[in-house]
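Trainee: Here it is, the structure, as structure tokens.
The values are calculated or read from the model by the stated rules, or taken from the named source; none is laboratory data. Since we're looking at a predicted model, the values are computed, not measured. With ideal geometry, Cβ positions are generated from the backbone for all residues, glycine too; neighbour counts draw on all protein chains shown. With ligands, DNA and RNA removed, areas are computed over all heavy atoms of the protein, side chains included. Shrake-Rupley method; radii C 1.70, N 1.55, O 1.52, S 1.80 Å.
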Amino acid sequence: MSPCEAVVSNYFISTTGSDSNSGSEAFPWRNPWTIATRTFVPGDTIYLRGGTYVIVTQAWSAHNKPTVHTRQSGTAANRITVRSFPNETPILNGSSNGANAILGISDDFISNYIIFDGIEVTNSAGNLMGIRGSPNNIIVRNCEIHGANLAAADNVSAIRIETPTSVLIENCVMYDIHNSADDANATGITIYGS
């Protein structure tokens with residue numbers, strides 16, 4: 001390995017962890033939004049252990065800035081992956097996240113070559129996932145995305161994608177997306193500016 005090459009690592013988040021831990025399998029982080037405060041390199045994988053994580057609004061949270069997002073990009077050969085631990089189901093519950101998107105790519109930190117895999121995202125007063133800021137080569141796979149209920153004259157989606165170059169959504173299930181306001185829409189996937 002040359003002195004300029006970064007070491008690829010696996011990190012872990014668990015309902016029994018602590019955000020002051022190292023993020024190792026033995027000492028996992030506690031909250032998924034910790035991902036937005038850490039530095040990752042191409043090829044890193046962040047494993048979410050099974051259980052329910054109540055997502056709480058953070059200082060950076062907004063409709064166009066998901067509470068749980070990466071700040072760096074992977075590469076075509078080495079993506080950054082946020083995924084479920086094998087044979088476990090992590091549930092990101094946005095009941096304390098207001099109308100902010102729960103998971104995705106932020107306008108502030110446009111990340112490319114990212115994979116979200118095997119995560120359940122639920123219970124939002126707005127979009128459940130937001131892929132924003134002209135993202136390139138994003139994959140969302142094997143996810144269950146449901147339970148958005150907006151009561152405003154705006155559109156709400158399971159996944160809202162804005163000005164993408166390439167986004168692949170495969171083997172995902174989306175349901176229970178509602179908007180109770182007049183003259184508004186509720187959709188599984190919305191793409192703006194493609």
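Trainee: For residues in the range 139-172 being over 18 Å from ALA184 (Cβ atoms) and in contact with a Leu (Cβ under 6 Å, 6 or more places away or on another chain), which is most open to solvent (accessible area, probe 1.4 Å)?
Mentor: Among those residues, the one meeting the criterion is ILE139.
Trainee: Just give me the residues in the range 121-138 being open to solvent by 30 Å² or more (accessible area, probe 1.4 Å) and at pLDDT 95 or above, in sequence order. Spell out how you get there, then give the answer.
Mentor: Pass one, the range 121-138, residues open to solvent by 30 Å² or more (accessible area, probe 1.4 Å): 123, 125, 134, 136-137.
The answer is ASN123, ASN137.
Trainee: Can you pull out the residues in the range 74-87 that are at negative phi, open to solvent by 30 Å² or more (accessible area, probe 1.4 Å) and over 14 Å from the mean Cα position of the chain (by Cα)? First the steps, then the outcome.
Mentor: Looking only at the range 74-87, we keep the residues that are at negative phi, and these are 74-86.
Subset that is open to solvent by 30 Å² or more (accessible area, probe 1.4 Å): 75-79, 83, 85-86.
Residues satisfying the conditions are THR75, ALA76, ALA77, ASN78, ARG79, PHE85, PRO86.
Trainee: Here is a follow-up. Residues of the range 31-60 being under 14 Å from the mean Cα position of the chain (by Cα), free of Cβ contacts under 8 Å to residues at least 40 places away in the same chain and open to solvent by less than 40 Å² (accessible area, probe 1.4 Å), which ones?
Mentor: Within the range 31-60, ASN31, TRP33, THR34, THR45, ILE46 meet the criteria.
Trainee: Separate question: Any idea which residue in the range 134-170 is nearest to SER124 (Cα to Cα), counting only those that are part of a strand (DSSP E or B) and either touching a residue at least 60 places away in the same chain (Cβ under 8 Å) or in contact with a Pro (Cβ under 9 Å, 6 or more places away or on another chain) (or both)?
Mentor: Looking at the filtered set, the residue picked out is ILE161.
Trainee: Follow-up. Pull up the range 4-53, narrow it to residues that are touching a Phe, Trp or Tyr at 6+ places or on another chain (Cβ under 6 Å) and outside any strand (DSSP E or B), then point me to the one that is farthest from ILE119 (Cα to Cα).
Mentor: Checking each candidate, the answer is ASN21.
Trainee: Moving on. Within the range 88-99, restricting attention to residues that are buried (at least 23 other Cβ atoms within 10 Å of the Cβ) and in contact with a Ser or Thr (Cβ under 6 Å, 6 or more places away or on another chain), which residue is nearest to SER124 (Cα to Cα)?
Mentor: GLY94
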